[in-house]
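For reference, the structure discussed in these notes is given below.
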């Protein structure tokens with residue numbers, strides 16, 4: 001199977017034993033709202049054939065690259081127009097380098113990235129006439145060099161059964177939708193997935209996850225609004241173990257205006273699920289809305305203080321001119337970037353590819 005499909009190959013199921021049951025009781029079945037839980041097992045037949053057909057389609061990769069370029073058009077237009085204005089019939093002197101550095105900073109690429117790009121150009125082209133295309137190519141190469149170390153697909157260890165993924169982020173960042181999209185892609189690839197509606201303070205989040213559960217054929221564990229999120233996570237993990245599921249995605253609340261309450265709740269969720277599996281959660285994904293620009297830095301810092309964030313997913317890149325913030329985040333934090341989103345459809349969330357992103361960001365084919 002081609003690695004251009006979401007998150008690479010289809011992971012085969014290991015022959016690992018089912019984990020031991022928890023040493024404290026799980027809530028009674030009547031206390032849970034479990035949406036359509038069948039016995040675990042991968043989807044088959046038409047669903048798997050559709051995935052094979054999709055990945056064998058030569059235009060699939062080209063189609064995604066075209067969508068990525070279109071999605072980043074707002075971000076790239078700011079850069080390309082600025083570069084064209086700066087370097088049309090002009091030598092690369094100190095003034096031009098300073099103006100370029102300012103342009104890159106205002107495009108949210110960050111001070112460090114701006115400094116690296118201008119230093120690279122100054123070393124090889126100072127005092128010479130420079131065409132806009134040369135500057136774009138140099139910028140794309142530098143951005144790709146920064147991003148390649150953090151471009152890492154999320155690869156669940158199915159021998160854990162389940163591999164527990166805690167998903168965090170502020171309200172409106174796209175957490176619940178991202179969980180649904182990830183669930184679809186992993187489900188399509190033969191993994192059994194359980195979803196936990198842990199944002200119990202927002203009825204809309206629970207309803208939204210239930211809709212995704214119906215679309216993807218993934219069961220959802222939910223409770224009434226205001227229920228204890230940690231208790232729900234505990235029960236969800238117990239159920240995922242019982243079923244032998246490969247993946248458990250746990251949604252969470254994101255009320256940064258009540259930072260202390262949110263921190264206490266997230267820490268409680270982690271503490272409670274570790275009573276069953278001391279190694280869980282195996283991944284903590286922070287979902288960021290690209291439209292917030294440089295505010296994404298403070299969100300990363302806050303959530304890193306709350307929980308051990310292991311990776312990032314950036315959404316809504318198609319709705320902003322601030323796509324360059326991803327470069328600055330990579331430079332500052334070095335956290336793995338697992339996927340990016342450039343649209344509303346499930347297939348609009350794809351694994352992050354550094355070079356493709358870099359070239360699209362500066363308007364290159």
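The values are calculated or read from the model by the stated rules, or taken from the named source; none is laboratory data. Keep in mind that what you see is a predicted model, and the values were worked out from it rather than measured. With ideal geometry, Cβ positions are generated from the backbone for all residues, glycine too; neighbour counts draw on all protein chains shown.
For the residues 266, 288, the requirement of being assigned to a helix (DSSP H, G or I), touching a residue at least 60 places away in the same chain (Cβ under 8 Å) and either in contact with a helix residue (DSSP H, G or I) (Cβ under 6 Å, 6 or more places away or on another chain) or surrounded by 23 or more Cβ atoms within 10 Å (Cβ to Cβ) (or both) singles out 266.
Is it the case that the stretch 316-325 has a residue that's on the phi < 0 side of the Ramachandran plot, part of a helix (DSSP H, G or I), in contact (Cβ under 8 Å) with a residue 24 or more places away in the chain and surrounded by 23 or more Cβ atoms within 10 Å (Cβ to Cβ)? Scanning the stretch 316-325, I find at least one residue that is on the phi < 0 side of the Ramachandran plot, part of a helix (DSSP H, G or I), in contact (Cβ under 8 Å) with a residue 24 or more places away in the chain and surrounded by 23 or more Cβ atoms within 10 Å (Cβ to Cβ), so the answer is yes. For the stretch 271-285, the tally of residues that are within 20 Å of the chain's Cα centre (by Cα) and either assigned to a strand (DSSP E or B) or surrounded by fewer than 19 Cβ atoms within 10 Å (Cβ to Cβ) (or both) stands at 4. Inside the stretch 175-184, residues that are surrounded by fewer than 24 Cβ atoms within 10 Å (Cβ to Cβ) and either closer than 11 Å to residue 205 by Cα or without any contact (Cβ under 8 Å) to a residue 24 or more places away in the chain (or both) make up a count of 1. In contact with a helix residue (DSSP H, G or I) (Cβ under 7 Å, 6 or more places away or on another chain) and crowded, with 24+ Cβ neighbours inside 10 Å: does that describe residue 342? Spelling it out, residue 342 is indeed in contact with a helix residue (DSSP H, G or I) (Cβ under 7 Å, 6 or more places away or on another chain) and crowded, with 24+ Cβ neighbours inside 10 Å. The residue list 27, 70, 47, 62 contains one member that is surrounded by fewer than 12 Cβ atoms within 10 Å (Cβ to Cβ) and at pLDDT below 85, which is 62.
Tally the residues that are part of a helix (DSSP H, G or I), in contact with a strand residue (DSSP E or B) (Cβ under 6 Å, 6 or more places away or on another chain) and over 24 Å from residue 310 (Cβ atoms), restricting the search to the stretch 105-157. Total satisfying the criteria: 0. Restricting attention to the stretch 234-258, the residues that are touching a helix residue (DSSP H, G or I) at 6+ places or on another chain (Cβ under 7 Å) and modelled with pLDDT under 90 add up to 3. A search for C-beta distances below 6 Å between a residue of the stretch 149-172 that is closer than 19 Å to residue 260 by Cα and any residue that is modelled with pLDDT of 95 or more and assigned to a loop (DSSP other than H, G, I, E, B), counting only pairs 6+ apart in sequence or on different chains, returns 166/281; 167/251; 168/252. Exactly one residue out of 225, 200 is outside any helix (DSSP H, G or I), surrounded by fewer than 21 Cβ atoms within 10 Å (Cβ to Cβ) and touching a helix residue (DSSP H, G or I) at 6+ places or on another chain (Cβ under 8 Å), and it is 225.
For the stretch 162-173, the set of residues classified as buried (at least 23 other Cβ atoms within 10 Å of the Cβ) and at positive phi consists of 169 only. Note on the stretch 97-131: among residues that are more than 32 Å from the chain's Cα centre (by Cα) and at pLDDT 90 or above, the one that is surrounded by the fewest Cβ atoms within 10 Å (Cβ to Cβ) is 98.
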